[in-house]
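Read the structure below first, then the notes.
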Amino acid sequence: MSGMYLLASILCLAFGSSLGSIMEGNYNVTAMCTTVKVGTQLGSIESCDYYYVCTQNGPVQSYCQTGYSYNYKAQTCSPSSQVKCYYGVADPCEGSTGDLWVPAPNTCNQWIYCKNGVASGSGTCGDLTFSASLQQCIYGDCNVLEESGGPSLNSLCEVVPPNIYFGSVSNCTTYNYCYPDGSLGSGTCTTSAFIVSAGACGYNTNGACDRVQENAVSDTCTDSGEFIGDPKICGNYLYCNGKTYEQKSCPGTQYWDTISNSCKSRLIAVPREGCNRCQYATTPFVNAVNNQNCNTYYYCTNGSNGAVSTCPVDYFFNEFEQGCAPVSGLTDYGTAYAPCMGATALTTTSTPTTTPTTTPTTTPTTPSK
């Protein structure tokens, strides 16, 4: 049941928090990429011709060469005749031999019966869903987008390759595993987090649970031409096309500046509060965006930011000096340094926190089906 809950969460994000996300029907590719290791490839449910590579900054679409289709289980492009893929093809039965059941386009519970490459019948699974991998009807909710008529993702194991552990966007301690037959298994870490980058159970440090989406943010907009900073990635921004937000990226190592609504150098840009300032950083410690008192900072690991840390009372964080400094220097720093633009000396006490340290991880056990 936890696997179905994860799928429901991914689908929920299709409506709720897909701001600037890459969407395919009810499949939020951007959200799915946050649950797998960087470098993992995910399949498409719109076409057999391309796939997505999950990078530190989100999914990147890549195409197979002519005559090849993407095999998501092998994470490679192979001759189309050797790949069982039915997305975006005019005739899903074409090229098949013997008896084969394939999914009907834009449905989750209907199938087409193929006999030696010819469509010879069709049917429905009723309240169940159809699994092309298992060639049968299976338990699960149907999640077709009736309003859009778009493609439907019925199982995460239709796009995630088998034999890898991956996380959840709804619960930080949940991990998942796709079996070679296309079935999904799930488990729960006894620690505080499943660490996506390690594929193992560990602890909630260095932003390990940032993928969990607690509050949905609408992806719709009406102010055509509007620009806003990306809430997670400082180097990205969102453009309103009159209906939805489109995600864009600044060139090179620039950040989106919320003051001028343009891309600027990382050190002079005032990015959106909460975005990852470890992106493109060349130092291990960086300021968090804080125009109040400039006393918060992150520890960076390979471009990822950890939990927010706070300087002791009467100190602010100076990124240039890589440490907490007396508030007597805050006026000049807050004026000259964009992430702390407008910051003033502390007026309330705060409790210092320790720098995140590396914690041991444990390998999750293979979940039962």
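The one condition from (1) touching a Lys or Arg at 6+ places or on another chain (Cβ under 9 Å); (2) within 25 Å of V160 (Cα to Cα); (3) without any contact (Cβ under 8 Å) to a residue 40 or more places away in the chain that A193 does not meet is (1).
Among the residues of the stretch 241-255, the ones that are at pLDDT below 85, not polar (S, T, N, Q) and not in a loop (DSSP other than H, G, I, E, B) come to 3 in all. Here the stretch 67-99 is the region considered, the condition is being hydrophobic (A, V, I, L, M, F, W, C) and modelled with pLDDT of 90 or more, and the residue that is farthest from the chain's Cα centre (by Cα) is C77. One residue stands out among those in the stretch 70-96 that are under 28 Å from Y165 (Cα atoms) and free of Cβ contacts under 8 Å to residues at least 12 places away in the same chain: the one that is surrounded by the fewest Cβ atoms within 10 Å (Cβ to Cβ), which is Q82. Just one of the numbered conditions (1) touching a Ser or Thr at 6+ places or on another chain (Cβ under 6 Å); (2) at pLDDT below 80; (3) crowded, with 18+ Cβ neighbours inside 10 Å; (4) under 26 Å from L153 (Cα atoms) is not true of V217: (3). Residues that are in a loop (DSSP other than H, G, I, E, B), surrounded by 20 or more Cβ atoms within 10 Å (Cβ to Cβ) and of a type in the set (V, I, T) within the stretch 192-206 comprise just one, V196. Taking the criterion of being buried (at least 21 other Cβ atoms within 10 Å of the Cβ) and part of a strand (DSSP E or B), the residues of the stretch 256-299 that qualify are W256, D257, N276, V286, N287, Y297, Y298.
Taking the stretch 169-196 as the range and being more than 17 Å from L156 (Cα to Cα) and among the polar types (S, T, N, Q) as the test, the residues that pass are T173, T188, T190, T191, S192.
Among the residues of the stretch 332-348, are any at pLDDT below 65, surrounded by fewer than 19 Cβ atoms within 10 Å (Cβ to Cβ), of a type in the set (S, T, Y) and over 22 Å from A269 (Cα atoms)?
Pass one, the stretch 332-348, residues at pLDDT below 65: 334, 345-348.
Still in the list and also surrounded by fewer than 19 Cβ atoms within 10 Å (Cβ to Cβ): 345, 347-348.
Now restrict to residues that are of a type in the set (S, T, Y): 347-348.
Now narrow it down to the ones that are over 22 Å from A269 (Cα atoms): 347-348.
Among the residues of the stretch 332-348, at least one is at pLDDT below 65, surrounded by fewer than 19 Cβ atoms within 10 Å (Cβ to Cβ), of a type in the set (S, T, Y) and over 22 Å from A269 (Cα atoms), which makes the answer yes.
Rundown of residues vs (1) modelled with pLDDT of 90 or more; (2) in contact with a helix residue (DSSP H, G or I) (Cβ under 9 Å, 6 or more places away or on another chain); (3) surrounded by 14 or more Cβ atoms within 10 Å (Cβ to Cβ), yes/no style:
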residue	(1), (2), (3)
I112	yes, no, yes
T129	no, no, yes
L134	no, no, yes
I138	no, no, yes
G150	no, no, yes
L153	no, yes, yes
V159	yes, yes, yes
N171	no, yes, yes
C178	yes, yes, yes
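The values are calculated or read from the model by the stated rules, or taken from the named source; none is laboratory data. This one's a predicted model, so the numbers in the text were calculated from it and none came from an experiment. As a convention, Cβ positions derive from the backbone with ideal geometry for all residues, glycine included, and neighbour counts pool all protein chains shown.
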